1. State yes or no: is Asn393 loosely packed, with under 14 Cβ neighbours inside 10 Å and touching a residue at least 12 places away in the same chain (Cβ under 8 Å)?
2. Every residue in the stretch 135-175 that is open to solvent by 20 Å² or more (accessible area, probe 1.4 Å), under 21 Å from Glu67 (Cα atoms) and in a strand (DSSP E or B), please.
3. Any residue at all in the stretch 95-111 that is small (Gly, Ala, Ser), closer than 22 Å to Thr23 by Cβ, under 47 Å from the mean Cα position of the chain (by Cα) and crowded, with 20+ Cβ neighbours inside 10 Å?
4. Test Glu398 against the stated conditions and say whether it is open to solvent by 10 Å² or more (accessible area, probe 1.4 Å), touching a residue at least 12 places away in the same chain (Cβ under 8 Å), charged (D, E, K, R) and farther than 24 Å from Thr98 by Cβ.
5. Within the stretch 49-79, can you find the residues that are open to solvent by 20 Å² or more (accessible area, probe 1.4 Å) and assigned to a loop (DSSP other than H, G, I, E, B)?
6. Could you list, in sequence order, all residues of the stretch 30-46 that are in a strand (DSSP E or B) and not acidic (Asp, Glu)?
7. Residues being surrounded by 13 or more Cβ atoms within 10 Å (Cβ to Cβ), modelled with pLDDT under 90 and touching an Asp or Glu at 6+ places or on another chain (Cβ under 6 Å): count how many of those fall in the stretch 445-500.
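The values are calculated or read from the model by the stated rules, or taken from the named source; none is laboratory data. Just so it is clear, the model here is predicted, and its values are computed rather than measured. Note that we place each Cβ from the backbone using ideal geometry, even for glycine, and neighbour counts take in every protein chain shown. Accessible surface areas use protein heavy atoms only, side chains included; no ligands, DNA or RNA. Shrake-Rupley method; radii C 1.70, N 1.55, O 1.52, S 1.80 Å.
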Amino acid sequence: MRLLLLFVFTLSLSNNISVAQTTINMSNGSSESCNAILFDAANTADYGPNEDFIYTICPAVDSLKTEIEFTSFDLHPSDSLCIYDGVSTSDSLVGCFTSTTLQNVSFTANDSCLTFHFFSDTSDESAGFQANVSCSDCQQINPSTSSSIASTNGVLDICVGDQIAFTNTTTYPQNNWFYNQSNATSTYNWDMFNSSSTDENTTKTFNTPGYYPINLEVTDANGCERSAQVMIVRVSGAPDFSATTAMPTELCVGDSFFLNGSAIPNTYSFTYGTVGDSAFLDDIPGGEFEVSINVNQFNAGQTISAASDIVSVCVNMEHSYMGDLIINLTCPDGNSIEFHNDEGFGTFLGEPIDIDGDNTPGVGYTYCWDMSSFITWADFTDLFTSNTLPEGNYAPNESFSGLVGCPLNGDWVLSVEDDQFSDNGYIFNWSINFDQSIFPNQNQNVSFTPQIVSDQWLENSNTLTTNSTYAQSSTTVGSNTYTYEIEDDFGCTFSTDFQIEVGEPIVFNISDDLDVTSEAPLFVNFTNNSTPNNASYSWFFDNSNFSNNYNPIPLNFEEGGEFEIKIIASSGACIDSLIYPIAILAVDTPANVFTPNQDGYNDAFFLPAVGIRDYSARIYNRWGKQVFECGPVNSTQSCSWDGTDNSGKLLNEGTYYYVIDVFNAQGEAIEFARKQGSVLLLLDN
């Protein structure tokens with residue numbers, strides 16, 4: 001199998017078009033050939049100083065692609081040969097090479113032609129180069145797909161949980177020019193960033209928001225392959241609802257509340273070709289485990305030119321014994337560097353399940369290697385005492401500079417060798433982070449932000465308003481659910497719920513066991529039939545809280561009179577209070593003598609009544625004739641007699657008799673509550 005524009009350090013075995021072989025010495029010019037030998041300008045002799053030549057080679061048959069294989073390559077380090085994938089130096093640069101870097105390396109043009117630019121300085125020439133020129137017999141492959149959900153310009157905008165069926169629609173425009181091609185005889189490799197498939201058609205459910213390039217690699221029956229990004233899937237996720245509010249969340253029936261919806265879309269970004277697979281690191285001494293990343297977004301032949309081209313390599317993993325691990329990174333041409341080698345003794349990586357025979361994954365920690373850190377894993381264990389290597393950035397045992405010259409495209413492999421028994425671990429994922437500046441189009445970081453197109457508030461699935469704000473009065477007692485729902489331009493709906501607790505209003509219904517004849521001292525019992533009965537009730541008398549029960553304890557009154565009981569009740573956000581008056585009978589015995597002589601002292605006979613709802617008083621002389629009457633009056637008033645009869649005439653000295661009657665709520669006199677007595681009227685001049 002051949003990779004278009006991938007250089008390999010093996011002899012090419014492709015089927016080539018056979019024609020008479022020609023010789024091309026490097027110069028300024030071009031030619032069409034499928035069987036030639038390309039030399040530097042001096043052919044088999046050393047090339048000369050100050051050479052600067054540009055030569056383009058295209059295939060003799062338009063449908064084919066130029067291939068070149070260097071059988072010898074020896075340039076002075078100050079001289080170079082640059083190769084371009086196209087008909088001029090304005091086309092994509094494959095790379096510039098010097099010394100012996102192209103020995104036994106082959107290239108295949110991506111389209112048809114290759115252009116070579118050779119230059120040497122004023123001194124120190126070398127043997128030069130020799131290369132076989134041929135034409136690839138790979139026919140064109142156009143990978144493509146259709147999807148079960150309609151796309152727009154190759155982009156699918158979907159929601160979390162959507163499933164897409166991808167149907168292979170690859171075409172072969174040059175079928176049967178040299179051999180037969182068909183979807184039935186080709187093989188497939190779908191790369192969907194975090195999953196893959198080798199079926200001709202595949203289905204994937206997207207459960208995580210993000211940007212997913214869908215790549216399809218098709219290999220035909222002749223071993224020719226072509227990779228292409230056939231579709232992009234963008235998966236929308238929930239916006240940020242954190243600023244959405246419902247105020248207040250506890251209230252009483254009839255109270256107003258305010259709903260304010262806010263949804264800020266999230267931005268999702270993606271960096272091509274950096275995340276690799278997971279692996280179980282089994283308990284096999286000497287066992288080597290590999291995880292790989294296929295990188296394919298760089299120019300063909302593009303290589304690592306400096307250690308800084310790799311920003312970092314990160315792995316999320318756990319393992320129960322760091323001291324028996326050897327970890328290496330291998331680039332696509334087989335060159336490798338060492339990250340770690342058997343140091344650290346029994347230090348844990350992450351949080352493993354350290355039980356022999358238990359293969360349950362533990363908790364992975366993320367460890368990164370970069371060239372800006374100063375201590376390796378082993379350095380940390382030498383300097384610090386810790387059972388677990390902390391997450392963070394560390395230096396590799398060997399510099400990234402050991403990967404200079406490695407091709408960027410191809411399989412990058414992270415290998416882990418476990419040297420001893422009685423431990424295992426997991427690699428959950430790993431990544432290579434390349435410097436942004438080396439990407440060909442400088443735009444490998446892509447992002448998107450869904451836009452909100454509508455929003456609404458709902459109550460129990462019923463729309464209240466299609467605006468982001470809403471205000472209303474509460475009417476339903478209990479827990480009420482209000483939902484703020486948005487729809488974005490991907491057709492995805494997201495929502496957040498708020499619970500508003502509406503309390504039942506307090507309705508007081510208090511009674512007592514008093515009647516108008518109840519006299520102090522006594523205990524008063526109160527009966528509470530208020531609603532709701534599960535509310536909190538607090539009872540106060542004389543500013544003192546004497547009970548917190550629904551029905552309070554009996555309250556003792558030593559004296560009669562009029563009193564107030566305060567009840568405070570709360571049910572959720574519903575709070576109310578009641579002043580409950582009570583009157584306890586206490587008819588005081590009036591004075592037994594008075595002197596109505598207008599001297600300002602004891603001029604009237606008072607008939608006090610405290611704690612009586614309604615009462616009346618009558619005065620009689622010794623012969624039983626009524627001479628005065630007062631009332632009925634209520635307990636806030638009082639009756640007094642100044643010694644005159646009802647016509648205003650001052651009566652004679654002597655003994656008079658009074659009768660005080662108490663009335664019930666119906667205005668009827670209560671016989672057993674009557675109070676009688678006598679008073680002496682003196683006329684002291």
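1. Taking the combined requirement at face value, the residue does not satisfy it.
2. Asn142
3. Yes.
4. Here the answer is no, as Glu398 does not meet what is asked.
5. Listed by number, the residues that qualify are Pro49, Asn50, Glu51, Ala60, Val61, Asp62, His76, Pro77, Ser78.
6. Scanning the stretch 30-46 gives Ser30, Ser31, Asn35, Ala36, Ile37, Leu38, Phe39.
7. Number satisfying all stated conditions: 3.
Okay, residues lined up against (1) part of a loop (DSSP other than H, G, I, E, B); (2) of a type in the set (Gly, Ala, Ser); (3) surrounded by fewer than 17 Cβ atoms within 10 Å (Cβ to Cβ); (4) modelled with pLDDT of 90 or more:
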{"position": "Ser242", "(1), (2), (3), (4)": "yes, yes, yes, yes"}
{"position": "Ser262", "(1), (2), (3), (4)": "yes, yes, no, yes"}
{"position": "Ile284", "(1), (2), (3), (4)": "yes, no, yes, no"}
{"position": "Met317", "(1), (2), (3), (4)": "no, no, no, no"}
{"position": "Asn328", "(1), (2), (3), (4)": "no, no, no, yes"}
{"position": "Glu338", "(1), (2), (3), (4)": "no, no, yes, yes"}
